[in-house]
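Reading through the structure tokens given below for one structure.
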Amino acid sequence: SQKIEQNSEALNIQEGKTATLTCNYTNYSPAYLQWYRQDPGRGPVFLLLIRENEKEKRKERLKVTFDTTLKQSLFHITASQPADSATYLCALGGPSSNTGKLIFGQGTTLQVKP
Amino acid sequence: DAGVIQSPRHEVTEMGQEVTLRCKPISGHDYLFWYRQTMMRGLELLIYFNNNVPIDDSGMPEDRFSAKMPNASFSTLKIQPSEPRDSAVYFCASRPSGRGEKLFFGSGTQLSVL
């Protein structure tokens, strides 16, 4: 069955460092992958989209990579700040036969300490 | 635009009662999604609609759950009869047409079934 795995343990890092979050998947061929941020008591908020034919995307301090051979995406936050503390969710879109579908991983909680 | 609007914000009910959750998507969005979030299972896709038509309901747990979208500006998720294991946060999300378009989430309905 389809499976998306994100680091279940919280990631604790020091302010100013780069945070790297991992998203692995099996039994799936996504047409695209998205990353969302979720704060306590709120709905997820979209951050970045990367498509199956793209290797890397950047937006300000955020960078996403997508390796369809390894079936893995990495999400980086450079120069991290305490305000970056939240849960980050990866979501797989597709496959091509069902491109509207979007399924989420369980998320990784990031804690940035000052 | 006010964003995706969900009601009620909180619902507490007793086992066996019928529960109806409501969602108003963003105007002009062609896709509407219902998700359920728990600590154990994360954010699960229950069903999604395209142009008011259900496209994929494979995530609906069982016959006790039903979802409708009578028009482009309104959707309901009904649970009848409710059970304690249905306790979760239920999110509605919408997005415009186009491959890879981001989801806009509502604030969610916190459901507690006693």
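Where does chain B land on the Kirkwood hydrodynamic radius, alpha-carbon pairs, in angstrom?
Numbers: mean 1/r = 0.0714 Å⁻¹.
Value: 14.0 Å, from the Cα pair sum.
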**Item:** Nonlocal amide H pairs with A:Glu15, under 5 Å, H built at 1.01 Å
**Value:** A:Lys113
**Prompt:** With no solvent and one point per C-alpha, what does the Debye sum give as log10 I(q)/I(0) for chain A at q = 0.10, 0.13 Å⁻¹?
**Reply:** -0.27, -0.46
**Request:** Within segment A:67-95, find all residues whose amide N lies under 11 Å from a label point positioned 7 Å from the Cα of A:Tyr28 along Cα-to-beta-carbon.
**Result:** A:72-73, A:90-95
**Message:** Counting only GluC sites (Glu not before Pro) that sit in a DSSP loop (anything but H, G, I, E, B) with at most 11 other Cβ atoms within 10 Å, what is the longest stretch of chain A containing none of them?
**Reply:** A:61-114
**Message:** Under the rule that an exposed site lies in a DSSP loop and has at most 15 other Cβ atoms within 10 Å, name the longest stretch of chain A with no trypsin sites (Lys or Arg not before Pro) of that kind, not counting the sites themselves.
**Reply:** A:62-114
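With Kirkwood's inverse mean 1/r over C-alpha pairs for Rh, give me the Rg to Rh ratio of the protein assembly as shown, two decimals please.
Values: Rg = 17.6 Å, Rh = 18.1 Å.
When Rh is taken as the Kirkwood radius, the ratio is 0.97.
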**Item:** Given 14 as the ceiling on other Cβ atoms within 10 Å, longest exposed-site-free region of chain B for GluC sites (Glu not before Pro) in DSSP loops
**Value:** B:63-114
**Item:** Set of lysines with alpha-carbon distance to B:Lys24 below 16 Å, sequence-local pairs under 8 removed
**Value:** B:Lys68, B:Lys78
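For every other residue with a beta carbon closer than 13 angstrom to the beta carbon of A:Glu15, add +1 if it is Lys or Arg and -1 if Asp or Glu, then tell me the sum. Before the final figure, lay out each step's value.
Values: positive: A:Lys17, A:Arg61, A:Lys113; negative: A:Asp84.
Taking every Cβ under 13 Å from that of A:Glu15, the sum is +2.
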**Prompt:** So which of A:Lys17/A:Lys63; A:Lys101/B:Lys102; A:Lys59/A:Lys101; A:Lys3/A:Lys101; A:Lys17/B:Lys102; A:Lys57/A:Lys113 end up more than 18 Å apart, counting from Cα to Cα?
**Reply:** A:Lys59/A:Lys101; A:Lys17/B:Lys102; A:Lys57/A:Lys113
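Every number in this text was worked out from the coordinates using simple rules, so none of it is lab data. If you're wondering where the values come from, they're calculated on a predicted model, not measured in any experiment. Virtual Cβ from ideal backbone geometry, glycine too; neighbours counted across all protein chains shown.
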